[in-house]
Each structure stands twice: as structure tokens, then as C-alpha cells.
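Below is one structure, written out as C-alpha cells; comments come after it.
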Amino acid sequence: MFLKNIELVNFKCHAHLKLDFNTPDSEKPIRKSTFLLGENGTGKSALLKAIALVTAGSNALADLIGDADSWVQNKKKYCEIKAIIVTADGEERNIGLRINRGWHISDIIKANRETLERLDDAIKKADRNYFILAYGASRRLNRGDDKIFSKQSFRTSPRTNCIQSLFNPDAPLVSLTNWALNLDYTSGGSQVKIIRDALNHFLVENVKFKNIDRKKGVLLFTTPDGIVPLEHLSDGYQNVAAWVGDLMYNITNTFKDYKDPLHARGVLLIDEVDLHLHPKWQRRLHEFLNSKLPNFQIIVTTHSPLTAQQARECELYALVRTNGTIELKPFIGDPAKMLLSQILMSPVFGLETDESVVVERTKDRIRELSTKETITSKEKQELKKLADKAGALPLNVRKNAILDRKDVKLLEVLNQKLKVKLQ
């Protein structure tokens with residue numbers, strides 16, 4: 001399954017929003033990667049949840065929906081999700097989900113029976129039909145318990161387990177340690193290569209998965225501080241290992257009859273994809289997902305220009321609130337060919353400068369004082385101090401910098417001793 005488009009009406013903060021995943025490429029008509037930017041409160045997570053809900057099926061929907069009113073925009077009577085999905089055979093399916101204010105889960109399933117039956121019929125044949133994985137912003141290491149996979153005890157629906165993290169920050173991920181121990185036991189260690197390759201592909205160079213200590217039941221990693229168990233790595237490493245391990249488990253377990261399960265098709269949703277990641281990791285994240293999952297459609301949200309820079313032309317979108325309405329705006333150009341400063345100061349991020357707040361305020365105050373028709377003795381002293389300070393700052397010649405040649409001339413007139421050099 002791939003998504004061709006999704007449309008939201010009165011859903012959470014979205015009065016109306018439509019996102020297309022089409023491309024002009026006849027060989028690859030559906031966009032593989034989509035990056036979503038936006039300030040907090042612009043509905044990035046809501047969009048991912050809408051995709052998960054409309055593709056979940058009846059059993060998972062009952063686990064996820066909760067309070068129906070929470071999905072309906074304030075002062076509206078209903079919300080609606082419409083989507084077109086494309087099957088592995090290239091056939092299009094129209095699916096949708098309508099939720100009226102005041103409905104219970106039984107009302108929702110009854111009202112959406114026609115669409116849900118199409119999904120349910122496909123899912124009954126195999127859980128991997130319309131396969132979807134989703135991860136919320138809270139992704140913590142599951143340290144395991146007496147069960148091999150404690151995640152399985154959380155919900156009964158396999159589809160719920162695959163997307164629950166997006167809806168519930170306390171939803172457990174698969175215990176990476178217990179899964180690795182099980183693979184080591186059942187395959188004589190041969191299948192542990194799946195975990196080793198995934199983690200070592202993504203972790204930075206000085207931390208690598210070494211092996212399994214079967215006596216102690218722990219995963220060992222080589223670090224600059226020596227060989228340590230997974231639970232002794234930093235929180236950042238643990239959280240990365242947690243969701244990468246859960247990702248690998250869900251795919252390999254669902255497509256275990258495939259020669260190469262990671263080449264299966266599906267949709268992957270990740271909220272705040274670069275969470276816990278050092279800039280080095282952020283720069284390699286998209287390449288990691290693309291290479292490990294070549295046939296997955298990947299939709300992620302981010303606040304990071306380093307992640308946005310990995311998008312290609314037509315892959316980056318921003319959710320922007322204008323006059324109380326949230327709009328989806330495509331990024332114009334190819335982010336992969338741009339400098340980080342150019343991306344930061346593009347409309348999708350909305351920053352007016354790449355300088356620090358201290359530098360920006362210093363320059364703004366100099367401009368303010370230097371352009372006044374009259375200036376007091378106290379202001380002259382302030383201007384002199386600011387100008388001396390500005391002389392040690394990087395001064396840029398562009399629309400958002402304070403000192404063009406006219407500004408310099410004004411400063412020289414005000415104080416003959418002042419010298420400001422432009423870089």
C-alpha cells in the first residue's frame with residue numbers, strides 16, 4: 001500500500017487540508033519521502049494520526065479512537081478523513097472515516113461500515129495488507145520483563161501494536177534485548193545479523209553493537225569507554241536503539257516468509273524523526289531509512305534544518321498558520337542543494353537571520369539610534385559602546401543586517417571616532 005493523497009476536514013486544528021503524494025514520474029508515481037515542517041500547534045502530529053486512523057481497520061480503530069469529540073475541531077459537528085491508497089497491483093482504493101461529535105466507537109464503525117469492510121476484508125487475508133508502522137515523539141527503550149516481547153501483551157491487535165506509539169506516549173516498544181536473545185536462541189545467532197547491521201549502519205562510528213552475552217542476557221556495545229551493555233549507553237543511544245529495533249522487529253516479523261523482509265512495501269510514519277539525535281545522526285537519518293526500507297513510503301515530521309536538508313525537490317512541506325487557518329505550503333527548490341543558513345531563512349522556517357539573538361539585537365539597536373534625526377548625549381554614549389561591540393561581530397551585507405554603507409556614513413557623522421568595517 002502507498003498513499004496517493006489524504007484530505008482532512010474539521011480534523012483537530014485542520015479546517016481543511018489536503019496533501020498529495022503524486023509525482024510526474026510514470027515509473028514512480030507516488031512520492032517515496034515526505035518531510036513536514038511547522039511550528040508547534042500547526043497539526044503535524046494530527047496529520048500523521050489521521051493517516052494512521054484511516055488505514056487502521058476496525059479492530060485497531062476501537063483501540064485508538066478514544067474520545068470521539070477530541071478529533072473534531074472546536075465548534076464543528078463532525079470531522080472527516082478521506083484518502084486514496086494504491087495497492088501493490090497499482091489499483092486505487094478510496095477510503096474514509098467520518099466522526100460526528102458525541103459518537104461512540106460503535107457509532108463510528110457503523111457509520112463507516114462500507115470503507116471499513118474494504119480494509120477489514122483485506123486485513124483478514126493477512127495482517128500485512130495495507131501495512132503501516134507509526135512512531136510518536138516518545139520512543140523509549142523497553143528493558144523487557146519475563147515475557148519475550150512485552151509489547152505483545154499491551155494490545156491484542158497486531159495493527160494496533162504497529163501504530164500505538166503515535167497515540168500513546170506510554171505504549172511500549174518491543175524489547176530489543178529480548179528479541180535479540182530469542183533470535184540468537186532460535187537461529188543459532190545467524191539472524192542476529194539483522195539487528196547488528198541496522199544498528200551499526202546508523203550509530204555513530206565510535207559506538208557499535210558487539211555481541212550478545214548469553215549468560216547475563218544483555219546486548220554488548222563497543223564504546224570509547226569500553227564494552228558496555230545496552231542499558232548503560234546514554235539515553236540518546238538507548239532511544240535510538242529502541243525504535244530502530246522495534247522497526248526492524250515489526251517488519252521482519254510481519255514479512256518473515258519474505259527472502260528479504262526489509263524490501264517489503266508499506267507506509268512508515270515518524271513524529272519528530274530526529275528526536276534524541278546528534279547532528280551527525282540527523283545528517284545520515286534519511287539515507288539510513290531509504291537504504292534499509294527501499295520500498296516503504298516514508299512520512300515524517302521535523303523541526304530540524306539538518307533533516308529538512310535531506311529532502312529533495314517536492315518532498316518538503318510546511319504547515320503554516322495564517323489568520324487562524326493552517327495551510328500546507330510546499331518548499332520551492334531543492335533543499336539538498338542548499339546551505340543550512342538558506343533553509344533556515346527560507347519561508348518554511350521563517351527566520352529572518354541566521355545570527356544569534358545577541359548579534360541581531362545589537363545591530364537592530366545600532367540601526368535604531370543611527371537613523372534618529374536627533375540623538376541625546378546618553379544615546380551617543382550607548383551608540384559608541386554598541387558600535388565598539390559591533391566591530392567584533394560578523395557584519396553581513398544583506399537585507400536583514402544592520403550596516404549597509406548608508407548606516408556607516410550616519411555613524412561616522414554622529415561620532416568621528418567611530419570606525420565600523422564591513423566584512
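The values are calculated or read from the model by the stated rules, or taken from the named source; none is laboratory data. All values reported here derive from a predicted model rather than from experimental measurement. Here the Cβ is made from the backbone with ideal geometry for all residues, glycine too, and neighbour counts use every protein chain on show. Side chains are part of the model used for accessible areas, which takes the heavy atoms of the whole protein and leaves out ligands, DNA and RNA. Shrake-Rupley method; radii C 1.70, N 1.55, O 1.52, S 1.80 Å.
Could you figure out which of (1) in contact with a Gly (Cβ under 7 Å, 6 or more places away or on another chain); (2) modelled with pLDDT of 90 or more; (3) open to solvent by 70 Å² or more (accessible area, probe 1.4 Å) isn't true of Leu166? Failing condition for Leu166: (3). Would you confirm whether or not segment 44-59 contains a residue that is in a strand (DSSP E or B), open to solvent by less than 50 Å² (accessible area, probe 1.4 Å) and either touching a residue at least 40 places away in the same chain (Cβ under 8 Å) or closer than 30 Å to Ala336 by Cα (or both)? So far as segment 44-59 goes, no, none of its residues is in a strand (DSSP E or B), open to solvent by less than 50 Å² (accessible area, probe 1.4 Å) and either touching a residue at least 40 places away in the same chain (Cβ under 8 Å) or closer than 30 Å to Ala336 by Cα (or both). Within segment 194-223, being crowded, with 19+ Cβ neighbours inside 10 Å and in a strand (DSSP E or B) holds for Phe209, Ile212, Leu219, Phe221. Which members of segment 30-43 meet the condition of being part of a loop (DSSP other than H, G, I, E, B), closer than 22 Å to Arg312 by Cα and open to solvent by 20 Å² or more (accessible area, probe 1.4 Å)? Of everything in segment 30-43, those that are part of a loop (DSSP other than H, G, I, E, B), closer than 22 Å to Arg312 by Cα and open to solvent by 20 Å² or more (accessible area, probe 1.4 Å) turn out to be Lys32, Glu39.
Here the condition is being open to solvent by 20 Å² or more (accessible area, probe 1.4 Å) and assigned to a loop (DSSP other than H, G, I, E, B); of Leu275, Leu262, it holds for Leu275 alone. Which of the residues that make up segment 224-234 are on the phi < 0 side of the Ramachandran plot and open to solvent by less than 50 Å² (accessible area, probe 1.4 Å)? Passing the criteria: Val228, Pro229, Leu230, Glu231, Leu233. Residues in segment 124-138 that are among the hydrophobic types (A, V, I, L, M, F, W, C) and open to solvent by 20 Å² or more (accessible area, probe 1.4 Å): Ala126, Ala137. Being at pLDDT 85 or above, in a helix (DSSP H, G or I), open to solvent by 10 Å² or more (accessible area, probe 1.4 Å) and not hydrophobic (A, V, I, L, M, F, W, C), is that true of even one residue in segment 139-157? No, the conditions are met nowhere in segment 139-157.
Which one of Val240, Val192 is in contact with a His (Cβ under 7 Å, 6 or more places away or on another chain) and either among the hydroxyl-bearing types (Ser, Thr, Tyr) or at negative phi (or both)? Step through it out loud before you land on a result.
Working: Val192 fails: in contact with a His (Cβ under 7 Å, 6 or more places away or on another chain).
After ruling out the rest, the residue left standing is Val240.
In segment 268-327, which residues are in contact with a strand residue (DSSP E or B) (Cβ under 6 Å, 6 or more places away or on another chain), among the charged types (D, E, K, R) and within 28 Å of Glu27 (Cα to Cα)? Within segment 268-327, Glu315 is the sole residue that qualifies.
Under the condition of being in a strand (DSSP E or B) and open to solvent by 30 Å² or more (accessible area, probe 1.4 Å), which residue from segment 9-29 is nearest to Ser70 (Cα to Cα)? Spell out the reasoning first.
Step one: list which residues in segment 9-29 are in a strand (DSSP E or B), which gives 9-11, 14-20, 22.
Among the residues that remain, those that are also open to solvent by 30 Å² or more (accessible area, probe 1.4 Å) are: 15-16, 18, 20, 22.
Numbers: Ala15: 14, His16: 17, Lys18: 20, Asp20: 25, Asn22: 30 Å.
Checked segment 9-29; the qualifying residue nearest to Ser70 (Cα to Cα) is Ala15.
Cβ-Cβ contacts under 6 Å between residues 6 or more apart (or on different chains), taken from a first residue in segment 230-259 that is touching a residue at least 24 places away in the same chain (Cβ under 8 Å) and within 20 Å of Leu133 (Cα to Cα) to a second residue that is open to solvent by less than 20 Å² (accessible area, probe 1.4 Å) and part of a loop (DSSP other than H, G, I, E, B), are listed as Asn239/Arg139; Ala242/Arg139; Ala242/Leu173; Trp243/Arg139; Asp246/Leu173; Asp246/Val174; Tyr249/Val174; Phe255/Ala264.
The number of residues in segment 60-88 that are loosely packed, with under 13 Cβ neighbours inside 10 Å and either closer than 17 Å to Ile132 by Cα or among the small types (Gly, Ala, Ser) (or both) comes to 3.
Would you kindly identify the strands (runs of 3 or more DSSP E) lying entirely within segment 285-383 that contain at least 2 residues that are of a type in the set (A, V, I, L, M) and surrounded by 21 or more Cβ atoms within 10 Å (Cβ to Cβ)? If you could, list the steps in order and put the result at the bottom.
Numbers: elements: 296-301, 316-322, 325-330.
It comes to 296-301, 316-322.
The set of residues from segment 165-189 being more than 16 Å from Lys256 (Cβ to Cβ) and outside any helix (DSSP H, G or I) comprises Asn168, Pro169, Asp170, Ala171, Pro172, Leu173, Ser175, Gly188, Gly189.
Out of Arg113, Arg98, report the one residue that is over 30 Å from Leu289 (Cβ atoms), open to solvent by 20 Å² or more (accessible area, probe 1.4 Å) and either within 27 Å of the chain's Cα centre (by Cα) or modelled with pLDDT under 90 (or both).
Details: Arg113 fails: either within 27 Å of the chain's Cα centre (by Cα) or modelled with pLDDT under 90 (or both).
Being over 30 Å from Leu289 (Cβ atoms), open to solvent by 20 Å² or more (accessible area, probe 1.4 Å) and either within 27 Å of the chain's Cα centre (by Cα) or modelled with pLDDT under 90 (or both) holds for just one of Arg113, Arg98, which is Arg98.
In the condition set (1) in contact (Cβ under 8 Å) with a residue 60 or more places away in the chain; (2) part of a strand (DSSP E or B); (3) open to solvent by 10 Å² or more (accessible area, probe 1.4 Å), Ile6 is compliant with all but (3).
Report every pair of residues separated by at least 6 positions or lying on different chains whose Cβ atoms are under 6 Å apart, first residue within segment 81-102 and closer than 16 Å to Asp120 by Cα and hydroxyl-bearing (Ser, Thr, Tyr), second at pLDDT below 90 and open to solvent by 50 Å² or more (accessible area, probe 1.4 Å). Matching pairs, first to second residue: none at all.
Given the structure, is Thr177 in contact with a Pro (Cβ under 9 Å, 6 or more places away or on another chain) and either in contact (Cβ under 8 Å) with a residue 40 or more places away in the chain or open to solvent by less than 10 Å² (accessible area, probe 1.4 Å) (or both)?
On the way: in contact with a Pro (Cβ under 9 Å, 6 or more places away or on another chain): yes; either in contact (Cβ under 8 Å) with a residue 40 or more places away in the chain or open to solvent by less than 10 Å² (accessible area, probe 1.4 Å) (or both): yes.
Yes, satisfied.
Select from segment 65-95 the residues that are polar (S, T, N, Q), within 25 Å of the chain's Cα centre (by Cα) and either assigned to a loop (DSSP other than H, G, I, E, B) or at pLDDT below 95 (or both) and list them in ascending order.
Residues of segment 65-95 polar (S, T, N, Q): 70, 73-74, 87, 94.
Then drop every residue that is not within 25 Å of the chain's Cα centre (by Cα), which leaves 70, 73, 87.
Gln73, Thr87 - these are the residues of segment 65-95 that are polar (S, T, N, Q), within 25 Å of the chain's Cα centre (by Cα) and either assigned to a loop (DSSP other than H, G, I, E, B) or at pLDDT below 95 (or both).
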